[in-house]
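A.B. asks: Here it is, the structure in full.
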Amino acid sequence: MEPNSSSCNAEEISTKRCRTCLHFQLRWMIFIFLFAFLFSSAVAYDPLDPTGNITIKWDVISWTADGYVAVVTMNNFQMYRHIMSPGWTLGWSWAKKEVIWSMVGAQTTEQGDCSKFKGNIPHCCKKTPTVVDLLPGVPYNQQIANCCKGGVIAAWGQDPSASVGAFQVSVGLAGTSNKTVKLPTNFTLLGPGPGYTCGPAKIVPSTTFLTPDLRRKTQALMTWNVTCTYSQFLASKNPSCCVSLSSFYNDTITPCPKCACGCKNKNCIKSDSKLLSVTGVNTPRKDNTPLLQCTTHMCPIRVHWHVKLNYNDYWRVKIAITNFNYRLNYTQWTLVMQHPNLNNVTEVFSFDYKPLVPYQSINDTGMFYGMKYFNDLLMEAGPSGNVQSEVLLEKNQDTFTLKKGWAFPRKVYFNGDECMLPSPDTYPHLPNSAPVSSTVITSIITASVIYLIIMVIT
C-alpha cells in the first residue's frame with residue numbers, strides 16, 4: 001500500500017505544480033495584455049483634446065468595368081494640431097492586386113512596375129502606394145474641391161473651412177460591387193513627420209451629398225472610414241519647445257531647462273556667426289533637419305510667459321514666442337495654454353484667441369493663434385523670428401494669488417506638442433516668500449552635526 005500511496009502523492013504534487021505554473025502563466029499573460037492595452041491607449045490620448053483625430057473617408061461614387069472611382073476626404077478634427085508644409089503623406093496596402101488608373105487632386109510618389117500593361121498604363125501599380133497632395137496652381141482639370149494645398153491642412157479649432165483635404169482616385173482590378181470590394185489595409189499618415197497611428201478601415205453608412213441647388217440628395221455607393229490619432233511620444237523622443245518665465249515682482253528670469261529638447265546629435269550655429277550670410281544656409285532640407293541657434297535649451301521654439309502688471313481687479317500677462325530654427329517658418333501656428341484664470345480673459349491684444357472646453361465643467365484652457373495676414377507666420381530664427389501679445393485677465397478674488405507660482409501656466413503646447421516647463425521650485429517668487437535654498441539647509445545640517453559631535457566629545 002505504501003508504494004501506491006507515495007505514487008499517488010507524487011502525481012498529486014506534479015498536478016498541483018502544473019496548475020500553479022498554468023495560473024502563473026495566465027496571470028502574466030493577462031498582465032502583459034492589460035499593460036499593452038493601457039499603454040497603447042494612453043500614447044495617443046491628448047487630455048486637452050480627447051476627441052481629436054484625423055478621419056479619412058472613402059466614398060465610392062461610381063463603379064467601373066474593373067473597379068470603382070472614390071473621393072477620399074481627410075478631415076482634421078484636432079482642435080489645435082494642424083498639418084504644415086511640406087504637407088501630409090498618405091499610404092496603404094491593397095487587399096488584392098488593385099492598381100490606380102488615375103488620380104485627380106493628388107499623385108503617388110512612385111509609379112511602380114506596370115510592365116504587364118499594354119495601351120493604357122496605370123498611374124500606379126505598387127502594392128503599397130504613397131500619395132501626396134498637389135501644389136497650388138495646378139491646371140483646373142487636375143483639381144477637385146479641397147485639393148491642391150501642398151498638403152497643408154488647418155486645425156479644426158483654428159479654421160474649420162481649411163481643415164479638409166481631398167482627392168479622387170480611380171481603382172482598377174478591384175471589386176465592382178459592395179460585396180466584392182476589399183478594403184485597403186495598413187494605413188499610414190505622415191503629417192508631415194511621424195506621430196500618427198491609423199486604425200483599420202471600417203464600413204460606415206454611406207455619405208449623402210446635396211446638389212448645388214440644395215433641392216436633391218445623392219448618396220455614395222459605399223463608404224468606409226479610417227481614423228488616425230497623434231502621439232507626441234511616437235513623433236519624437238524629446239520635446240520640440242520649452243517655456244521660460246519672468247515677473248514684475250522678481251528680477252530673476254527662469255530660463256528653459258537645460259537641454260530641454262535634447263542636446264545630443266544636434267548641429268547649431270551661433271547668432272553672430274558669419275555662416276548665416278552664406279547663400280542657401282536657410283534652405284530647408286528634404287529630411288527637415290533643423291539648423292538651430294546655439295542655446296542652452298536647444299529647442300526650436302521657446303515660449304515666454306511674463307507676469308507684467310497687477311491691478312486691483314485685473315492682471316496682465318505678456319506672451320512671446322521665439323523661433324530658433326534658421327530653416328523653418330511656422331505657418332498657421334497655434335499656442336495652447338492651461339491656466340485657471342483663462343476662464344476670465346478680458347482682452348487679447350495681438351493674437352486671436354479661442355477658449356477650449358474639452359470638459360464642459362472646466363474652462364481653464366485656451367488657444368492663441370496669429371491674426372491672418374498680420375502675425376500668423378512665425379518667421380525663421382533671427383530679428384523677425386518672434387511674435388508676441390499681451391493678455392488682460394479679470395481676477396477672481398477668491399483664487400487669485402501671486403504666491404507659489406499660481407500666476408504661471410500649468411501646461412503649454414505649441415503646434416500641438418507639449419512644451420517642457422521649468423521645475424516649479426525655480427519659478428520667480430515674491431520677495432517675502434523666497435524658498436529656503438539648498439545651501440542654507442546644508443549649512444544648518446552641517447552645523448547641527450558638528451554641534452552634536454562637540455557635545456559627545458565634551
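A.B. asks: Relative contact order, percent, of region 104-188 when contacts are C-alpha pairs under 8 Å separated by at least 6 residues?
C.D. replies: For region 104-188, the relative contact order is 26 percent.
A.B. asks: Using the beta-carbon distance between THR176 and CYS268 and R0 = 51 Å, what value does 1/(1 + (r/R0)^6) give for FRET efficiency, to the nearest 0.05?
C.D. replies: Taking R0 as 51 Å, the efficiency between THR176 and CYS268 is 0.35.
A.B. asks: Mind checking the alpha-carbon convex hull of region 275-387 and giving the volume per residue in Å³?
C.D. replies: Spread over its residues, the Cα hull of region 275-387 gives 146 Å³ apiece.
A.B. asks: Residue-wise, which Karplus ³J(HN,Hα) couplings in Hz belong to region 91-96, taking 6.51 cos²θ - 1.76 cosθ + 1.60, θ = phi - 60°, and x for glycine or proline?
C.D. replies: Computed from phi, the couplings for region 91-96 are x, 6, 10, 6, 6, 10 Hz.
A.B. asks: Leaving out ligands and nucleic acids, and using a 1.4 Å probe, what accessible area per residue does region 245-303 come to in Å²?
C.D. replies: 64 Å²
A.B. asks: To the nearest 20 Debye, how big is the dipole of region 285-351 about its Cα centre, given +1 on the beta carbon of each Lys and Arg and -1 on that of each Asp and Glu? Please report the intermediate quantities before stating the final value.
C.D. replies: Working: 7 positive and 3 negative charges, 61 e Å.
Computed charge dipole of region 285-351: roughly 300 debye.
A.B. asks: Once Rh is set to the Kirkwood radius over Cα pairs, what Stokes-Einstein translational diffusion coefficient, in µm²/s, holds for region 243-308 at a temperature of 10 °C and a viscosity of 1.306 mPa s?
C.D. replies: Once the numbers are plugged in, D ends up at 114 µm²/s.
A.B. asks: Taking R0 as 41 Å, what FRET efficiency do you get between THR109 and SER277 from their Cβ-Cβ distance, rounded to the nearest 0.05?
C.D. replies: After rounding, the FRET efficiency stands at 0.70.
A.B. asks: Of GLN293, VAL345, LEU335, whose Cα points farthest to the positive end of the dipole of region 291-376 (charges on the beta-carbon: +1 Lys, Arg; -1 Asp, Glu; origin at the Cα centre)?
C.D. replies: About the Cα centre, the residue reaching furthest to the positive side is GLN293.
A.B. asks: While we're on this one: Going Cα to Cα from LYS354, which aspartates and glutamates come in below 19 Å? Please leave out same-chain ones fewer than 8 positions away.
C.D. replies: The qualifying aspartates and glutamates are ASP46, ASP49, ASP159, ASP364, ASP376, GLU390, GLU394, ASP417, GLU418.
A.B. asks: Leaving out ligands and nucleic acids, note down the accessible area per residue over region 375-420 with a 1.4 angstrom probe, in whole Å².
C.D. replies: 46 Å²
A.B. asks: Determine the gain in length on full extension of the stretch LYS395-LYS202; use 0.36 nm per residue of separation and subtract their C-alpha separation, reporting nm with one decimal.
C.D. replies: Length difference between fully extended and current span is 64.6 nm.
A.B. asks: To continue, here is another question. What are the ³J(HN,Hα) values, in whole Hz, obtained from phi via the Karplus relation 6.51 cos²θ - 1.76 cosθ + 1.60 with θ = phi - 60°, for each residue of region 237-248 in sequence order, with x given for Gly and Pro?
C.D. replies: These are the phi-based 3J(HN,Hα) values: 6, 10, x, 10, 7, 9, 10, 10, 9, 7, 7, 6 Hz.
A.B. asks: Quote to one decimal, in nm, the extra length available between TYR373 and ILE121 on full extension: 0.36 nm per residue of separation minus the C-alpha distance between them.
C.D. replies: Numbers: separation 252, 0.36 × 252 = 90.72 nm, distance 4.42 nm.
Full extension of this stretch gives 86.3 nm more.
A.B. asks: Another one. Looking at the P(r) of region 375-423, how many percent of alpha-carbon pairs lie beyond 18 Å? Intermediate values should be presented prior to the final figure.
C.D. replies: Details: 670 of 1176 pairs.
Result for the distance tail: 57 percent.
A.B. asks: Highest mean first, how do 332-343, 153-164, 62-73 rank when packing is the count of other Cβ atoms within 10 Å averaged over residues?
C.D. replies: Per-residue Cβ counts within 10 Å, averaged per peptide and sorted highest first, yield 332-343, 153-164, 62-73.
A.B. asks: Something else about it: When you count, for each residue, the other Cβ atoms within 10 Å and take the mean per peptide, how do 318-324, 200-206 rank with the highest first?
C.D. replies: My ranking of the peptides, most packed first, is 318-324, 200-206.
A.B. asks: Could you check the simple spin-label distance between LYS97 and THR211, using points 7 Å along Cα→Cβ, in nm with one decimal?
C.D. replies: Going by the 7 Å Cα→Cβ label model, 4.2 nm.
A.B. asks: Now, a different point. So, in nm, how far is label PHE233 from label THR346 when the simple model puts each one 7 Å beyond its Cα toward the Cβ?
C.D. replies: 4.2 nm
A.B. asks: Tell me, what is the per residue accessible area of region 123-200 in Å², probe radius 1.4 Å? Walk me through the numbers on the way to the answer.
C.D. replies: Numbers: 3540 Å² over 78 residues.
Here the residues of region 123-200 average 45 Å² of exposed surface.
A.B. asks: Pull up all non-local amide H partners of MET222: gap of 5 or more, or a different chain, and H-to-H distance under 5 Å with H placed in the peptide plane.
C.D. replies: So MET222 has HN proximity to VAL60.
A.B. asks: Heavy atoms only, probe 1.4 Å: what % of the accessible area of region 108-152 goes to carbon and sulfur, would you let me know?
C.D. replies: Of the solvent-accessible surface of region 108-152, carbon and sulfur hold 51 percent.
A.B. asks: Could you derive backbone 3J(HN,Hα) for region 362-369 from the dihedral phi with the Karplus parameters 6.51, -1.76 and 1.60 (θ = phi - 60°), listing whole Hz in sequence and x where the residue is Gly or Pro?
C.D. replies: 10, 10, 10, 10, x, 10, 9, 8
A.B. asks: Given labels modelled 7 Å from the Cα in the Cβ direction, how far is it in nm from SER85 to LYS318?
C.D. replies: Reported label-point gap for SER85 and LYS318 is 3.1 nm.
A.B. asks: Still on this structure: Taking amide H positions as placed in the peptide plane 1.01 Å from N, state which residues far from ALA95 in sequence (5 or more) or on other chains have amide H under 5 Å from it.
C.D. replies: Placed amide hydrogens put THR185 under 5 Å from ALA95.
A.B. asks: While we're here: With only alpha-carbon pairs counted, each pair once and no self-pairs, how large is the Kirkwood hydrodynamic radius of region 71-196 in angstroms? All intermediate terms of the calculation are to be shown ahead of the outcome.
C.D. replies: Values: mean 1/r = 0.0650 Å⁻¹.
In region 71-196 this quantity evaluates to 15.4 Å.
A.B. asks: Let me ask something else about it. Under 14 Å from the Cβ of ASP46, count the other residues' Cβ atoms, weight Lys and Arg +1, Asp and Glu -1, and hand me the total.
C.D. replies: Within the 14 Å Cβ shell, the charges total -1.
A.B. asks: For region 214-310, which whole percent of the accessible surface, found with a 1.4 angstrom probe, sits on carbon and sulfur atoms?
C.D. replies: The C+S portion of the solvent-accessible surface of region 214-310 is 53 percent.
A.B. asks: If you take the beta carbon distance between ASN288 and ASP159 as r and set R0 to 25 Å, what does 1/(1 + (r/R0)^6) give as a FRET efficiency, to the nearest 0.05? Don't jump to the answer; show the numbers that get you there.
C.D. replies: On the way: r = 23 Å, r/R0 = 0.94.
So the FRET efficiency works out to roughly 0.60.
A.B. asks: Long-range amide H contacts for CYS419: which residues qualify at under 5 Å (H placed 1.01 Å from N, peptide plane, sequence gap of 5 or more or a different chain)?
C.D. replies: VAL412, TYR413, PHE414
The values are calculated or read from the model by the stated rules, or taken from the named source; none is laboratory data. Not measured: the values here are computed from a predicted model. Note that we place each Cβ from the backbone using ideal geometry, even for glycine, and neighbour counts take in every protein chain shown. With ligands, DNA and RNA removed, areas are computed over all heavy atoms of the protein, side chains included. Shrake-Rupley method; radii C 1.70, N 1.55, O 1.52, S 1.80 Å.
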